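Before any comments, here is the structure.
The values are calculated or read from the model by the stated rules, or taken from the named source; none is laboratory data. Note that the coordinates shown come from a computational prediction; the quantities given were computed from them, not determined experimentally. Virtual Cβ from ideal backbone geometry, glycine too; neighbours counted across all protein chains shown. Keep in mind that these areas ignore ligands, DNA and RNA; they rest on the heavy atoms of the full protein, side chains included. Shrake-Rupley method; radii C 1.70, N 1.55, O 1.52, S 1.80 Å.
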Amino acid sequence: EKGSYRHFMEKEIHEQPEVVARTLGAYVDQVENTIRARDGLDFSKASRLLIVGCGTAAYAGEVAEYWFERIARLPTEVDIASEFRYRDPAFLEGDVALFISQSGETADTLEAMRLCKAAGLITVALVNTAHSTMAREADIVAPTLAGPEIGVASTKAFSCQLAALACLAVRAGIERGHLDTASVTDHVAQLMAIPGTMSEALRADGQIDQLARDLSRSEIVLYLGRDQYFPMALEGALKLKEISYIHAEGYAAGELKHGPIALVEEGVSVIVLAPSDSLFAKTRSSIEQVRARGAHVLALTDEAGAEALEGLVQASILLPAARGAANLMSAAVAVQLIAYHVAVHKGTDVDQPRNLAKSVTVE
Ligand code: M6R
């Protein structure tokens with residue numbers, strides 16, 4: 001039931017703080033201030049983590065690569081399932097393979113999992129559907145508790161995947177001896193801040209709705225980000241193209257001069273994920289480059305960032321200033337709201353976009 005919401009997607013965007021909190025509850029031990037171990041999953045001896053998924057699930061994996069490498073010093077590789085399964089991947093002794101899927105039924109992801117199982121790897125399924133084929137066949141199940149996701153465009157399943165992955169990265173950091181007690185406590189505090197931060201981010205709804213009117217007239221929208229915000233830029237672009245049919249591309253901000261800046265001219269919209277973090281100065285310089293070529297720039301940033309970008313960008317969407325995964329996930333809320341409101345302004349079928357199915361069970 002949609003309740004008072006116009007679309008399932010809108011409802012699912014707004015229920016994220018709640019379902020993310022529920023998902024965190026499956027991983028975080030708040031009494032001991034740590035992340036619970038999962039039966040059979042031991043990152044201490046892992047030589048490498050392979051993450052495989054399709055679409056939005058693969059982007060969640062790409063975000064997690066930054067976390068597993070930074071927090072747990074665990075070499076991580078992320079693949080799109082349809083490429084992975086046909087490229088005869090080379091495995092290493094000690095590889096752990098993690099498959100991300102909302103449905104647990106996506107054909108390519110499932111076949112990639114079967115391939116890894118046959119090769120003798122430990123397989124972990126990060127799935128939202130508890131009784132799915134992937135959940136049944138994997139050695140270990142890591143749940144997301146988003147509840148049924150009806151909108152074809154994934155929103156709450158994505159943020160629950162991110163929440164679970166953030167927990168698993170901390171768990172890996174503990175098991176691999178890279179986190180002392182104080183850092184674990186700090187990570188747990190950051191994780192527990194996620195739902196509150198996402199609720200705050202949802203307050204940008206009205207502002208985004210207003211900005212979406214202009215954006216819905218764009219023919220091209222570029223999304224730029226650095227570090228963990230790079231895969232989020234890819235996800236933002238995917239969300240917009242899926243439901244508004246506007247041509248959108250996500251790029252690492254540092255790649256601008258290697259090609260995409262050729263697209264930028266008067267009338268092109270650029271959405272920049274620009275939190276005021278250690279890379280802010282670099283992101284700001286990317287903004288200057290696209291502004292100099294006439295782009296219309298929307299920055300997703302916090303108060304400090306908005307102040308520093310005053311006069312340079314057309315508008316800043318104000319997000320809370322949080323740390324780590326919480327900050328990233330407030331950007332997730334913003335890119336979802338942008339796609340949603342642009343699509344509503346365009347009058348497209350938000351929950352059932354053309355040509356797309358909720359679950360891709362045939363290749
Ligand atoms: O059920 P899955 O998570 O395996 O689905 C993967 C993709 O098909 C899915 O994320 C797709 O990209 C969505 N339409 C994204 O909004």
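A few points about this structure:
- Verdict on THR129 being over 14 Å from GLU12 (Cα atoms), within 14 Å of the ligand (Cβ to nearest atom) and out of contact with any Cys (no Cβ under 9 Å at 6 or more places or on another chain): yes
- Subset of region 216-230 [surrounded by fewer than 24 Cβ atoms within 10 Å (Cβ to Cβ) and in a helix (DSSP H, G or I)]: PHE230
- Scanning region 263-284 for residues that are within 21 Å of ILE220 (Cα to Cα) and without any contact (Cβ under 8 Å) to a residue 24 or more places away in the chain turns up nothing.
- Checking each residue in region 72-93 for being open to solvent by less than 30 Å² (accessible area, probe 1.4 Å) and either closer than 29 Å to ALA326 by Cα or part of a loop (DSSP other than H, G, I, E, B) (or both) picks out ALA72, LEU74, THR76, ASP79, ALA81, PRO89.
- In region 11-32, the residues that are touching a residue at least 40 places away in the same chain (Cβ under 8 Å) and more than 30 Å from HIS341 (Cβ to Cβ) form Cβ pairs under 9 Å with partners that are open to solvent by less than 40 Å² (accessible area, probe 1.4 Å) and in a loop (DSSP other than H, G, I, E, B), at six or more places apart or across chains, as follows: ALA26/THR144.
- Annotation note: of VAL333, VAL344, VAL350, VAL313, the sole residue that is closer than 18 Å to LEU215 by Cα, buried (at least 19 other Cβ atoms within 10 Å of the Cβ) and modelled with pLDDT under 95 is VAL350.
Condition check ((1) touching a helix residue (DSSP H, G or I) at 6+ places or on another chain (Cβ under 6 Å); (2) outside any loop (DSSP other than H, G, I, E, B); (3) open to solvent by 40 Å² or more (accessible area, probe 1.4 Å); (4) more than 16 Å from the ligand (Cβ to nearest atom)) across all residues:
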| position | (1), (2), (3), (4) |
| --- | --- |
| GLU1 | no, no, yes, yes |
| VAL20 | yes, yes, no, yes |
| ILE51 | yes, yes, no, no |
| TYR59 | yes, yes, yes, no |
| ALA64 | yes, yes, no, no |
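- Of all residues in region 146-160 being of a type in the set (S, T, N, Q) and near the ligand (Cβ under 8 Å from one of its atoms), the one that is farthest from GLU105 (Cα to Cα): THR155
- Conditions (1) modelled with pLDDT under 95; (2) within 16 Å of the ligand (Cβ to nearest atom): number failed by MET232: (1)
- Residue count, region 260-288 (criterion: open to solvent by 40 Å² or more (accessible area, probe 1.4 Å) and not basic (Lys, Arg)): 12
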